[in-house]
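Read-outs throughout are calculated quantities, based only on the coordinates presented, and are distinct from any laboratory measurement. Model, not experiment: these values are computed from the prediction. Neighbour counts run over all protein chains shown; Cβ positions are idealised from the backbone, glycine included.
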Amino acid sequence: MKNLLRFSGLFLMLLFLFTSCEKENIDTIDITTEPTEASTRTINNLIGNVSASTVANGLELGCITINYSFDVVLTDNTVVTVSSDADLEEYLDPNPSDSIFIADFVYPLEVVDADGNTVTAVDAEALGVLFGACVPDEGWVNEGFPAFIINLDEYCIALQYPVTVVDQDDNETTVNSEGEFADALASNQFLVFVFPLDVIDADGVTTTIENDEALFNAMLDCEQFNNPCDSIVTGGGDIACYTLQFPVTVILTDSSIVTVNNENGFFDLLLNGDISGFTFPLSLISFDGELIVVNNEIELQEALEDCGDIPININDTDVFSLISGTLQGCFSINYPMNILLADGSEVEITSEQELFDAMSGGPANTSISISYPVSVTLIEGGQTIEISELTELIDILANCG
């Protein structure tokens, strides 16, 4: 009987242990009921930038058009065909209770670029680079050069990575490749370049670009661009010592004539190589605020030449020589720089406008001069030179083509 009791006790103990183990196993199985990775889909940041096209039967992605029909992958990994604006709206803006929407496109994907050419994007990164190469249609009014991908597919120079960009909140991001740059632009299109940066041409020659003016001129030197006048054109609508009075009417490379209402529209056309010239009359605002109207190409050229005769109130010639070098298209000044006032005090100058203001500042500035050294970047060749005295500045101007 004792043996039977012992056996029964052992049996009950084993049964208890077995039941406990089974319960633990069941608990473990119940916990691991999360969705598998295969049921989720990474969302391409580009999707947040698409909209129905207003000019074509398809969708717009920056300057790119994707014509209907095309296939997309939804967040539940199903593939559907988008054939109309209604389809696009349904999958871009689903019912709030529905978590299924467009996650990415199906590749390869045919798109139409800004020049009207049909291009095949083999994957998401290739599509991102095409999007990132679109010339921004905003940001040209402010200081800085709006950032976008510059490569040899579109220009005679290409960015050499890494490149640093900054957003409107002064947050800097360093991108190490076109793919990283495209991803940054897809997440935040309002970025500007941080200078200096390096570019490389088709022959493998690397040039350091010190400021936005130097980058403008390096791009406008490419064969596909038509500078609308024989002078420096920079952001904000500045031409030599003038600013364009908008709206302006321009002639495009296809001989059509369009009216441009602001700086953003002007530089969008300019950096896409679409402008071949101005129509007249053309209104310009001089550095001192005077409105000047030119009626033909000859008057425009005379007005640009007058930039070399800006009235100034200084006896010293080095500041005037320096600014003349920029107006002649010889070099750009790498700000900040310092000037010395008549009383011996030193002032930091951070832009060309500040330098103009100092030059025409009235009796208080009857004698100003450069506080050397000052750094400039040659327009031809892109070489950066540090000038230590007036004789060096004069030599540069004498050798300027």
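Couplings 3J(HN,Hα) for segment 388-395, derived from phi with the Karplus relation 6.51 cos²θ - 1.76 cosθ + 1.60 (θ = phi - 60°), are 9, 7, 4, 4, 5, 5, 5, 4 Hz, where x marks Gly and Pro. Note on residue 83 and residue 221: the model spin-label points, each 7 Å out from Cα along the C-beta direction, lie 5.3 nm apart. Could you compute how fast segment 56-211 diffuses translationally, taking Rh as the Kirkwood radius over C-alpha pairs and applying Stokes-Einstein at 20 °C with viscosity 1.002 mPa s? Give it in µm² per second. Taking Rh from Cα pairs, D becomes 125 µm²/s.
A simple rule links phi to the HN-Hα coupling: the Karplus curve 6.51 cos²θ - 1.76 cosθ + 1.60 with θ = phi - 60°, which for segment 69-86 gives 9, 8, 9, 10, 9, 8, 5, 9, 6, 7, 10, 10, 9, 9, 10, 7, 4, 5 Hz, with x for Gly and Pro.
Here 91, 155 are placed in order of increasing Cβ neighbour count within 10 Å, fewest first, which gives 91, 155. For the pair residue 350 and residue 119, a Förster radius of 51 Å applied to the C-beta separation gives a FRET efficiency near 0.80, rounded to the nearest 0.05.
Highest mean first, how do 164-177, 200-213 rank when packing is the count of other Cβ atoms within 10 Å averaged over residues? Kindly include the intermediate steps, with their values, before the conclusion.
On the way: 164-177: 13.6, 200-213: 15.8.
Peptide ranking by packing, descending: 200-213, 164-177.
Between segment 238-303 and segment 68-136, the C-alpha centres lie 37 angstrom from each other.
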